[in-house]
Amino acid sequence: MNIVTTEKTSTSNKDKPTILIVDDTPDNIMLLSRLLKDRYNTKVANNGSLALQIAQSTPGLDLILLDVMMPGLDGYETCRQLKANPVTADIPVIFLTAKNQVEDEAMGLSLGAVDYIAKPISPPILFARVATQLTLAGARRQLQAHNENLEKLVQDRTAQLALMQEAIIMAMGTLAETRDNAAVSLGDHHIRRTQHYVRALARHLQHHPRFAADLTDENIELLYRSVPLHDIGKVGIPDRILLKPGILDREEFEVMKLHAVYGRDTIMLVEKHIGGTNGFLMFAREIAHSHQEKWDGSGYPDRLAGEQIPLSARLMAVADVYDALISRRVYKPAFTHQQALDVMRKGRGTHFDPDVLDAFFEIEGQFAAIAEEFRDAEPDV
């Protein structure tokens, strides 16, 4: 027969620790209950199965006194199942034993018990061992709560720093854009659009056999954050060239091409200052330096070809060219989405990595939606 009883809980008892007594001998249950009832709230069970049920269904259970020798589910198996259940795993267990204590301790401690009390029960030892384990359990809970608070503070601080970093990156990228006469209005959202283009393209290619190893979730987020710095090197281009309203001549274009080198060198200075690099700076450096390279080797600044061009830069090339085509510039009107697709298609295998461009055409509707969401403000007439 299962026996489960609970001491009546008065208002003054609500703050008392709760102890579950598990023993198949009624006399032992009565003795332990009588000894503990003035100091603690107690629950009792006369077998392991019932003990597991009570432990599972009792929020805030502080300690279990568990007999080793019981018919059916013995104390060892009961402890093993308690520790295997996430709901009850952290409840301290003290074994009660009349067997060879040395052997029992070795077995019980290996199963996760925190202490042993030998039978016959000595009240002073019982009180001391129970009080010690309750104090330790309380300290563990306080430490866990403290660690959780610290973790939350760290997460909050990390989130704040990430927002600050993003704001600084956007400011730097926008500075380069606003100096460029190609950005014809103060409402230019080129940076935002290209960020989202690159992320959409990377996500679509995430399971492609050529790119799966590189396009992890973490790397895609780093790519997204690094895109605003793709034209940071334009800050180093003289105004007479950067702000020229017409087409650049050959000599001027050679100077303009240096923005890719200036961008790389600027980010390398940051890496030198901090004594190393990270994923964000690596992608930012690759994109700034190589997004004007072409798949057939006819791009700049280093005439890289094929997979010599970093994947980050190949993704950026598609995003940057598409956005340039659909945007109004002082030297051309904005192309329609369909017109831009027609131009992009001609660059397969020459300007663009064929697989990356194929992915672009598979999600060209997403590009159109991004372009609409971050559409530039109409200039004042």
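The values are calculated or read from the model by the stated rules, or taken from the named source; none is laboratory data. All values reported here derive from a predicted model rather than from experimental measurement. In this analysis, Cβ positions are derived from the backbone assuming ideal geometry, glycine residues included, and neighbour counts consider all displayed protein chains. Heads up: the accessible areas ignore ligands, DNA and RNA and are worked out on the full protein's heavy atoms, side chains in. Shrake-Rupley method; radii C 1.70, N 1.55, O 1.52, S 1.80 Å.
To keep it simple, each residue is scored yes or no on (1) modelled with pLDDT of 75 or more; (2) open to solvent by less than 40 Å² (accessible area, probe 1.4 Å).
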position: Leu96; (1), (2): yes, yes
position: Leu111; (1), (2): yes, yes
position: Leu175; (1), (2): no, no
position: Ala182; (1), (2): no, yes
Notebook entry, point to check: Can you tell me which residue in segment 323-334 is nearest to Leu243 (Cα to Cα), limited to those that are open to solvent by less than 70 Å² (accessible area, probe 1.4 Å) and either outside any helix (DSSP H, G or I) or among the acidic types (Asp, Glu) (or both)?
Noted result: Arg329
Next item on the list: Just one of (1) part of a helix (DSSP H, G or I); (2) modelled with pLDDT under 85; (3) of a type in the set (A, V, I, L, M) trips up Ala137, so point out which.
Entry: (2)
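Every residue, every condition in (1) at pLDDT below 85; (2) among the hydrophobic types (A, V, I, L, M, F, W, C); (3) outside any helix (DSSP H, G or I); (4) open to solvent by 50 Å² or more (accessible area, probe 1.4 Å), yes or no:
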position: Ala106; (1), (2), (3), (4): yes, yes, no, yes
position: Ile117; (1), (2), (3), (4): no, yes, yes, no
position: Ile121; (1), (2), (3), (4): no, yes, yes, no
position: Thr132; (1), (2), (3), (4): no, no, no, yes
position: His146; (1), (2), (3), (4): no, no, no, yes
position: Asp156; (1), (2), (3), (4): yes, no, no, yes
Item checked: Residue check for Met316: of a type in the set (A, V, I, L, M) and at pLDDT below 95 -> no
Item checked: Odd one out for Leu66, checked against (1) assigned to a strand (DSSP E or B); (2) without any contact (Cβ under 8 Å) to a residue 12 or more places away in the chain -> (2)
Margin query: Checking Val4 against (1) modelled with pLDDT under 90; (2) open to solvent by less than 20 Å² (accessible area, probe 1.4 Å); (3) of a type outside the set (S, T, N, Q): exactly one of these is not met. Which one?
Written below: (2)
Next item on the list: Take Asp27 and decide whether it is open to solvent by 20 Å² or more (accessible area, probe 1.4 Å) and in contact with a Gly (Cβ under 7 Å, 6 or more places away or on another chain).
Entry: no
Check: Looking at segment 192-206, which of the residues that are open to solvent by 10 Å² or more (accessible area, probe 1.4 Å) and touching a residue at least 40 places away in the same chain (Cβ under 8 Å) is farthest from Pro310 (Cα to Cα)?
Finding: Arg192
Next item on the list: Hey, could you check segment 48-89 for residues that are under 19 Å from Leu134 (Cβ atoms) and exposed (fewer than 14 other Cβ atoms within 10 Å of the Cβ) and say which is modelled with the lowest pLDDT?
Entry: Gly60
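Go over the candidates Arg348, Arg285, Arg314 one by one and state the one that is within 28 Å of His207 (Cβ to Cβ), open to solvent by 20 Å² or more (accessible area, probe 1.4 Å) and either hydrophobic (A, V, I, L, M, F, W, C) or touching a Pro at 6+ places or on another chain (Cβ under 7 Å) (or both).
Working: Arg285 fails: either hydrophobic (A, V, I, L, M, F, W, C) or touching a Pro at 6+ places or on another chain (Cβ under 7 Å) (or both); Arg314 fails: either hydrophobic (A, V, I, L, M, F, W, C) or touching a Pro at 6+ places or on another chain (Cβ under 7 Å) (or both).
After ruling out the rest, the residue left standing is Arg348.
Pick out the one residue from Phe361, Phe367, Phe374 that is buried (at least 21 other Cβ atoms within 10 Å of the Cβ) and closer than 24 Å to Ile220 by Cα. Please lay out each step first, then the result.
Numbers: Phe361 fails: buried (at least 21 other Cβ atoms within 10 Å of the Cβ); Phe374 fails: buried (at least 21 other Cβ atoms within 10 Å of the Cβ).
Being buried (at least 21 other Cβ atoms within 10 Å of the Cβ) and closer than 24 Å to Ile220 by Cα holds for just one of Phe361, Phe367, Phe374, which is Phe367.
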Checklist line | Test for Glu218: is it farther than 28 Å from Tyr197 by Cα and in a helix (DSSP H, G or I) | finding: no
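Has segment 286-305 got at least one residue that is of a type in the set (Val, Ile, Thr) and under 20 Å from Phe360 (Cβ atoms)? Explain how you work it out, then say what you get.
First, the residues of segment 286-305 that are of a type in the set (Val, Ile, Thr): 287.
Next, only the ones that are under 20 Å from Phe360 (Cβ atoms) stay: 287.
For segment 286-305, residues of a type in the set (Val, Ile, Thr) and under 20 Å from Phe360 (Cβ atoms): present.
Please find, among Arg314, Arg375, the residue that is over 24 Å from Arg250 (Cα atoms) and assigned to a loop (DSSP other than H, G, I, E, B).
Details: Arg314 fails: assigned to a loop (DSSP other than H, G, I, E, B).
Sole residue among the options that is over 24 Å from Arg250 (Cα atoms) and assigned to a loop (DSSP other than H, G, I, E, B): Arg375.
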